[in-house]
Amino acid sequence: MIETSERVPTASPLARLGNGQVFSETGIGQRQNPIPTVRDDAGASRNSSSRVSVSVVIPAYNASGCIAATLDSVLAQTFSDYEIVVVNDGSPDTEALEQVLQRYLLHIRYFKQENRGPSSSRNRGIVEARGEYVAFLDADDFWLPEHLASQIATLRSTPSLGLVYSNSLVVRDGKCIRRTFDRERQEKPVTFEALLGERCTVSTSTTVASRKELLEAGLFDEGMTRCEDFDLWLRMAFRGTSMTYSPQAHVCRMVSHSGLSSNKYEMKRALIDVYRKIDSSLPLSQTQKELVRQRCERTEAIAQLDLVKEFIHAGDYEKALLSASRASSVLDSWRVRLAVVALAKAPRWFGAYYRAHEQVLSMCNRIQAAWAERKLRMFQPMLRPPVSRSPSSADLQQSSSVSQTIRGPVNGH
């Protein structure tokens, strides 16, 4: 049985689909960061007879157009001892989403709740999970067939490990543009200090972690809408969770110019919030506190540079100069110092120069992306997961050989 420091989600009236299957609609308490304790009583919702090795947790919000490909990629895994937990986070496209999910009823456990953000829906999935490990997957990303087998093999080869993540393929407009680790270099060992210094970067859709370790670390902070995953990985590492990564790219991550992670300035502000939270809530050593202070200072300076670009485009050179001066006081960069001088002496000339520079840089980026696309063309066929279709009766009889089938009501009880 799972208990939280506040109210556990409980079932409210059931929403019924056209085929008679039921979807549980649940609400959750007003929690900021639930600290659950685990009691594995017989007959509880995590019935031991239904245990699996891995629970795949997929939060769904405005996902009706992409979740079929995501689920198909899970069902195509070569590792089969898993369950799929889909959490509808009060999505406005619920009717369309549930219509898509009808064809997957034998394969998923489905939960609904009021909209509370990705942290809450992932937490709900973790609490409901029956697996020893939890694998996270965003509803617009998908896995290549060897992902779970590779990650579980790594975890089982070193029993002390509590979390493993991996490289991934970054996909934009249906084309693979790069590997994540090409730009985000990783260093071993993966420690609290390495995460703080961004020498290791954990991508959520590539992560498989011990459910026990996730619970003991306090789960995702539901008060955060950005960088909530970074906050959790830091807390896990600080309390001693052993982590590593795989250089293999078995995950396709969709990126676009929209979404929570697209605003660079807001993402840096969220990073600073995480640093400050960690500094105030964990018993850090003086060395760790100094590292946090340095990361806050540097991230703030880089955020100011993001503002410089925005102010130049808006023609507000006075504010651009102020932000550039703030960044220059921290960053030891001749380019930033030159920008400060130019904005002070010839702001309009510098604005015209910077806009021309951006156009050249954009062209170079397009050339680089085209080169990377040709280099990674071998992965292109993998970017088209199996097309989902309504299963025939023969398919349903054979479905247990495709994946770990979760039978019974779709709410998992």
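Is there any pair with a first residue in segment 193-212 that is closer than 13 Å to Tyr165 by Cβ and a second that is β-branched (Val, Ile, Thr) and crowded, with 18+ Cβ neighbours inside 10 Å whose Cβ atoms are under 6 Å apart and which are 6 or more apart or on different chains, and what are they?
Cys200/Val190; Ser205/Val251; Thr206/Val251; Val208/Val164; Ala209/Val134
Could you list, in sequence order, the residues of segment 278-297 that are surrounded by fewer than 17 Cβ atoms within 10 Å (Cβ to Cβ), under 29 Å from the mean Cα position of the chain (by Cα) and not hydroxyl-bearing (Ser, Thr, Tyr)?
Asp279, Leu282, Pro283, Lys289, Glu290, Arg293, Gln294, Glu297
Being modelled with pLDDT of 95 or more and under 20 Å from Thr225 (Cα atoms) is true for just one of Lys268, Lys264, Lys277. Which residue is that?
Numbers: Lys268 fails: modelled with pLDDT of 95 or more; Lys264 fails: modelled with pLDDT of 95 or more.
That would be Lys277, the only listed residue that is modelled with pLDDT of 95 or more and under 20 Å from Thr225 (Cα atoms).
So Arg211 fits all but one of (1) at pLDDT 95 or above; (2) within 11 Å of the chain's Cα centre (by Cα); what number is the exception?
Against the list (1) at pLDDT 95 or above; (2) within 11 Å of the chain's Cα centre (by Cα), Arg211 comes up short only on (2).
Yes/no matrix, rows are residues, columns are (1) part of a strand (DSSP E or B); (2) not basic (Lys, Arg):
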residue	(1), (2)
Thr154	no, yes
Tyr165	yes, yes
Glu187	no, yes
Arg199	no, no
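What are the residues in segment 79-89 that are modelled with pLDDT of 95 or more and surrounded by fewer than 19 Cβ atoms within 10 Å (Cβ to Cβ), if any?
Answer for segment 79-89, where residues must be modelled with pLDDT of 95 or more and surrounded by fewer than 19 Cβ atoms within 10 Å (Cβ to Cβ): just Asp81.
For every residue, the table says whether it meets (1) under 19 Å from the mean Cα position of the chain (by Cα); (2) buried (at least 24 other Cβ atoms within 10 Å of the Cβ); (3) touching a residue at least 12 places away in the same chain (Cβ under 8 Å); (4) not assigned by TED's automatic domain parsing to the domain that holds Gly218.
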residue: Glu98; (1), (2), (3), (4): no, no, yes, no
residue: Leu105; (1), (2), (3), (4): no, no, yes, no
residue: Lys112; (1), (2), (3), (4): no, yes, yes, no
residue: Arg116; (1), (2), (3), (4): yes, no, yes, no
residue: Val127; (1), (2), (3), (4): yes, yes, yes, no
residue: Tyr133; (1), (2), (3), (4): yes, yes, yes, no
residue: Ala139; (1), (2), (3), (4): yes, yes, yes, no
residue: Gln151; (1), (2), (3), (4): yes, yes, yes, no
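The values are calculated or read from the model by the stated rules, or taken from the named source; none is laboratory data. Here the structure is a predicted model, which is why all the values come from computation and not from measurement. Glycine gets a Cβ as well: all are built from the backbone with ideal geometry, and neighbour counts include every protein chain shown.
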